[in-house]
Amino acid sequence: MEVNFREFYTPKAKQAEAHACRAKYLLFGGAMGGGKSWFLCAEAIKNAMMFPGNRLVIVRKELSVLRKTILVTFQSICPSAIIANFNQSSLKVTFINGSVLYFLDANKSKDPLFNKLKGLEIGWFGIDEANEVAIEAYQILKTRLRWVLPNGDTPRYEGRLTSNPENCWLLPTFITSNSESEAYIQSLTSDNFDQESEYYQSLEETFKDNPTLKQKYLLGDWTLVDSINQLIPSKSLALCSNPIVSDYPTSLGIDPSRYGDDRTAFVLLKEGNVELIETYDKTSTNQIVTKTIELIEEYNIDPENVGIDGVGIGAGIIDSLNGSDYHVKELIGGEKPVEVYHEEAFKPFNLRSQMYYELRKDILAKQLGSISDPSLVSELSAIQYEISTEKTVKIATKEMIKKVYGKSPDIADALCYANWVKTWRDGFPYFLPISGGR
């Protein structure tokens, strides 16, 4: 049987580019109406028919939404002649060549451990509107790519995701990542619709009074993705991308880590500008001490202007440096904030919150420059705050940010420390409440 698939789906130029991409994991999307769902369904059909006996899955956070969206798209472009059976109850599609496609939900609140996904063995997966889905679902699906075809061969193990610009784990995983295995291809509304079309004009009209939403959803811009409790607005970060002129002393911030997914991060500020960013995996105490001394000597840094996270491995690093007559500053984020006189209604919850608020204040005042590294900007955009019932402003913990963002904000923390110790803080006012959207 021959079926001309182009009678059901003809990819536009950007969709064709995405179909041709051989990165193991690909995020496709950006703007509204960019052809994301059609692309995802076509990829599933292609991999089902190319590898007889394959196992595939398309997930979305809510099953009820899945039925009304991606499933409808699939049914509209998949030729009925290649479907042997479609179980409306289980949402299981069996193709005429023995391949099977499942439609599943991936809702962390209903299935915290994602046991539904853990039981899969697949050769391909798709995540529709991945910004709604927790990073754990993506990580688990990657581990399930182990299906062996009936003939003993393996299919082309791949994962395909779609999303509009949102502040989530997709930013460090795909947008700012340099990984060859995790690629991003942007699709704009104009890649799928003529700018004179009714749909494109309707979006122009909808977003005419909100340039930020227009940049996000019509132009697919990930740089203006602010969440409601974002500490530092993206616009303010963008205004600090160029160097400034100041007489601030050179300072160094270090966020040490020994093992695990976190990295040891060094950020150096020179005259208020980000001069150096270096990160290392799986570092020992001696390695971090040696690197710190090298930077102090190379840049002639006063040890008083070196701030190090003193929790965990940091305590040993600080002791070693002090023993070598490099008396650096120990910063323990969980300690009480520095006592200052203030008249505002809100107080910092702890030292970490106080240091990050000072960083926010300096960025808004354009007292920091050369904040242009994509990873740094992305991590700073991920810092969240909350105001508690005790009228304290609390910065989200690294663990909480990691759950939402997908990575630990090690570089952002190192910058926070470098900024804090560039001049010793003995008192400053707090201008609160704060808002990431301003």
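The values are calculated or read from the model by the stated rules, or taken from the named source; none is laboratory data. What you see is a predicted model, and the numbers here were worked out from it, not measured in a lab. Cβ placement follows ideal geometry from the backbone for every residue including glycine, while neighbour counts extend to all protein chains displayed. Surface areas here come from the heavy atoms of the whole protein model, side chains and all, with no ligands, DNA or RNA. Shrake-Rupley method; radii C 1.70, N 1.55, O 1.52, S 1.80 Å.
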Within the chain, percent of DSSP bridges classed antiparallel, to nearest 5:
40
From the cross-link list K61/K92; K270/K407; K92/K403; K116/K407; K12/K407, which pairs have alpha carbons spaced over 22 Å apart?
K270/K407; K92/K403; K116/K407; K12/K407
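Can you pull the Kirkwood radius for region 125-264, inverse mean 1/r over Cα pairs, to one decimal in Å? Before the final figure, lay out the partial values.
Working: mean 1/r = 0.0525 Å⁻¹.
The answer is 19.0 Å.
Given a 1.4 Å probe, how much area per residue of region 172-258 is accessible, in Å²? Before the final figure, lay out the partial values.
On the way: 4490 Å² over 87 residues.
Per residue, region 172-258 has an accessible area of 52 Å².
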So what's the gap between the Cα centers of region 239-311 and region 321-382, to the nearest angstrom?
14
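So what is the relative contact order of region 70-148, in percent, for Cα pairs below 8 Å that sit 6 or more residues apart?
Details: 66 pairs, mean separation 17.1, N = 79.
After rounding, I find 22 percent.
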Give me the net charge of L213's neighbourhood, meaning all other residues with Cβ under 13 Å from the Cβ of L213; Lys, Arg count +1, Asp, Glu -1.
-3
Write down the radius of gyration of region 60-117 and its Dmax, each obtained from C-alpha positions, in Å.
12.7, 38
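On average, how much accessible surface per residue is there in region 327-410, in Å², for a 1.4 Å probe, leaving out ligands, DNA and RNA? Walk me through the numbers before you get to the answer.
Values: 4000 Å² over 84 residues.
With the other protein chains kept in place, region 327-410 gives 48 Å² per residue.
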Quick shape summary for region 241-318, equivalent ellipsoid via Cα gyration tensor, semi-axes whole Å in descending order, reads 23, 14, 10
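Ignoring ligands, DNA and RNA, please state the percent of accessible area on the chain from carbon and sulfur, probe 1.4 Å.
Working: 9870 of 19770 Å².
With neighbouring chains kept in place, the figure for the chain is 50 percent.
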Using alpha carbon centroids, what distance separates region 112-159 and region 63-110, in Å?
15
When ranked by the protection proxy of mean other Cβ atoms within 10 Å per residue, highest first, what sequence do the peptides 84-92, 103-111 form?
103-111, 84-92
Just the number, please: percent antiparallel of the DSSP beta bridges in region 1-129, rounded to the nearest 5.
40
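What's the ranking of 408-415, 190-197, 24-31, 93-100 by average number of surrounding C-beta atoms within 10 Å, highest first?
Taking the mean over residues of other Cβ atoms within 10 Å, the ranking is 408-415, 24-31, 93-100, 190-197.
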What value in Å³ per residue do you get for the convex hull of the alpha-carbon atoms in region 1-158?
116
Between helix 285-298 and the chain: long-axis angle, C-alpha atoms, 0 to 90°, nearest 10:
60
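Report the equivalent ellipsoid semi-axes for the chain in whole Å, largest first, defined as the square roots of five times the eigenvalues of the gyration tensor built from alpha carbon atoms.
Values: eigenvalues 432, 120, 72 Å².
Computed over the chain, the values are 46, 24, 19 Å.
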Value of [θ]222 nm, deg cm²/dmol, for the chain, DSSP H segments ≥ 4, -39500 (n - 2.57) each, nearest 500
-9000 deg cm²/dmol
Placing each pseudo-label 7 Å from Cα in the direction of the beta carbon, T290 and Q367 end up separated by a distance in nanometres of 3.7
Roughly what angle does helix 36-50 make with the longest principal axis of the chain, taking Cα atoms, 0 to 90 degrees, to the nearest 10?
60
